[in-house]
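Presented below is the structure to which this report refers.
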Amino acid sequence: MRTVTAGVLAIGTFLAGALAGTAVSAQRRPADPQCGSASAQVRTTLYFGTLKQSKGTVSELEWQMFLRDEVTTRFPAGLTVWDAQGQWRTSTGTVEHERSKVLLLVHPDTPAAKTSVQAVIERYRKGFDQESVLWETARVCAAAG
């Protein structure tokens, strides 16, 4: 079952990148028996709320500039973004509802990539007055074909 799940994730991740017109980077890594001829990668999904704690929201122009200046410079091989509606509990216990941006990256499992993800999160939090950014990650098998 685990192998099937990894294969399904890889296909879903590849399709997400392909549908957005981006290429999934399949850099050569040590062979992973679960991946077969595909490359073992990491799928990182980040959830960015757009309500600023002080007031206002992150505009589409601000988001596009952040994507260009902070994300694309660190992950030039490709990415996928979509709009979402989310809710979360604040540190004070209130449930907030807000428009969100979801960013999907497929990248090598390296310390440099992890540092880049952390830098993207920190820049967004500081730049847009955010309490947090949700970070989800999983190992996947990816192949560009």
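Quick note: the coordinates plus some simple rules give every number you see, no bench work behind them. From a predicted model like this one, the values you see are computed outputs, not experimental measurements. Cβ placement follows ideal geometry from the backbone for every residue including glycine, while neighbour counts extend to all protein chains displayed.
Stretched out fully, how many nm does the piece from Glu136 to Val102 gain, at 0.36 nm a residue minus the Cα gap?
Working: separation 34, 0.36 × 34 = 12.24 nm, distance 1.07 nm.
In short, 11.2 nm is gained.
Looking at region 78-145, which GluC sites (Glu not before Pro) are in a loop (DSSP not H, G, I, E or B) and have at most 14 other Cβ atoms within 10 Å?
Glu131
Take Trp82 and Ala143, extend 7 Å from each Cα along the Cα→Cβ direction, and tell me the distance between the two endpoints in nm.
2.4 nm
Estimate the FRET efficiency between Arg68 and Thr45 by the formula 1/(1 + (r/R0)^6), using the beta-carbon distance for r and 22 Å for R0, to the nearest 0.05.
0.65
Calculate the spin-label point distance for Ser91 paired with Lys52, positioning each point 7 Å from the Cα along the beta-carbon direction, and give it in nanometres.
Taking the two extended label points, one gets 1.9 nm.
Taking the number of other C-beta atoms within 10 Å as the exposure measure, put Tyr124, Tyr47 in order starting with the fewest.
Neighbour counts put them in this order, fewest first: Tyr47, Tyr124.
Pick out, in residue order, every one of the trypsin sites (Lys or Arg not before Pro) in region 48-78 that is DSSP loop and has at most 10 other C-beta atoms within 10 Å; say none if there are none.
Counting only loop positions with at most 10 other Cβ atoms within 10 Å, the trypsin sites (Lys or Arg not before Pro) in region 48-78 are Lys55.
Assigning unit charges at the beta carbon (Lys, Arg +1; Asp, Glu -1) and nothing else, what dipole magnitude in debye, to the nearest 20, does region 21-145 show about its Cα centre?
On the way: 15 positive and 13 negative charges, 49 e Å.
With only Lys, Arg, Asp and Glu charged at Cβ, the dipole is about 240 debye.
Can you give me the C-alpha center-to-center distance between region 125-139 and region 65-88, rounded to a whole angstrom?
One Cα centre to the other: 11 Å.
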